[in-house]
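Here the structure is laid out as structure tokens; the discussion comes afterwards.
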Amino acid sequence: MSDDDSIEHANNPKANMDHIYNQPDPRAYFSELHKLDYATPGAGKPFFLKLIERLQRSRDKSVRVLDLGCSYGVNGALLKHDMTMPQLYEHWGQEWLQDVSPEEVMAYDRRFFGGREEQQDFEVIGLDRAERAVAFAEETGLIDDGVVANLEEHPLSDAVMPDLADVDLMTSTGCIGYVTEKTFERLLPAVTNDGHAPWMANFVLRLWSFEPIEETLSEWGYVTEKLQDRTFRQRRFVSDEEREQVLRRLREKGIDPSGKEAEGHLHTEFYLSRPADDIRQESLNTLLARKSH
């Protein structure tokens, strides 16, 4: 990874939300995301469900999903509890919730999500560096298990590695750019073993290059396909300054923002990395075109 593409340099154009990312509950974080019309998990949901269904058929077992950058269990809520992003914004934006304690929010969400019908044929493991966000997701049942780790700075704990041995699908909808190939290098020994290799589905901002991660995955026998000629809105820009910095950065990288970022929203692209044998059996386009059962 070149100095120009380092995480410190690459993150400069993008607004930082660390101050609300690790609160005891999601209210502040989701309030900000709602203002910005953050949508990537919703875009990812139908893709992830299709991949889960395909893996269930081919592996004939309950599928284990590892969600990177899980935060408060957003993808878990969408997948396990069949929620939508507008429903989550409405849920955590209820007026009466704004003046209660984090403990009351957690108790309410245990009842709320515990009362919803839950998908039983797959489980979601959440991994994030935000300890309180992961704890909330785990305590309220939005994820089945949580792993707190900053794999950019520290190796994966030996104690956690057995829990990740049977992961079938790894997903991310916003963390690439904050995490780099270092995270994947430290995860791969845990999730690939005895011929078992999970598929890896990532939504990546056009602002970042996926190439360093793709190169790392190729060393482990993976082939990466990008969904061509399609992008997905992530969120609105937080300011004119962020917009101008992102547009400048994209043009420096030779990416035309016309009709996309230039219209006011960050955009992502979809990458699916799978073992070479799986690619030969079924291309990304064929897999996505397959009707659900």
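The values are calculated or read from the model by the stated rules, or taken from the named source; none is laboratory data. In this text the structure is predicted, and so the values were computed from the model without any measurement. Cβ sites come from the backbone with ideal geometry, for glycine too, and all protein chains shown count toward neighbours. Remember, those area values only see protein heavy atoms, side chains included, never the ligands or the DNA or RNA. Shrake-Rupley method; radii C 1.70, N 1.55, O 1.52, S 1.80 Å.
Within the full protein context, the accessible area of LYS80 is estimated at about 0 Å² for a probe radius of 1.4 Å. For the chain, the dipole from Cβ point charges (+1 on Lys and Arg, -1 on Asp and Glu) about the Cα centre works out to 1040 debye, to the nearest 20. Relative contact order of region 121-179, taken over Cα pairs closer than 8 Å and 6 or more residues apart, is 28 percent.
At the residue level, HIS196 shows approximately 40 square angstrom of accessible surface with a 1.4 angstrom probe and all protein chains present. The residues neighbouring THR224, those whose beta-carbon lies less than 10 Å from its own, together hold a net charge of -2 under the Lys/Arg +1, Asp/Glu -1 convention. Take ARG57: with every protein chain present and a 1.4 Å probe, its accessible area is about 100 Å². Look at the alpha carbon pairs under 8 Å that are at least 6 residues apart: their mean separation over the length of the chain gives a relative contact order of 22 percent. Pairs spanning more than 26 Å between alpha-carbon atoms, out of LYS45/LYS260; LYS80/LYS253; LYS226/LYS260; LYS50/LYS226: LYS80/LYS253. Only Lys, Arg, Asp and Glu carry charge here, each on its Cβ (+1 for the first two, -1 for the last two); on that basis region 9-145 has a dipole of about 640 debye about its Cα centre.
Partner aspartates and glutamates whose Cα lies under 14 Å from the Cα of LYS35, excluding those fewer than 8 positions away in the same chain, are identified as GLU90. For region 29-165, the percent of C-alpha pairs falling in each 10 Å distance bin, counted from 0 to the bin holding the largest distance, reads 11, 40, 35, 12, 1.
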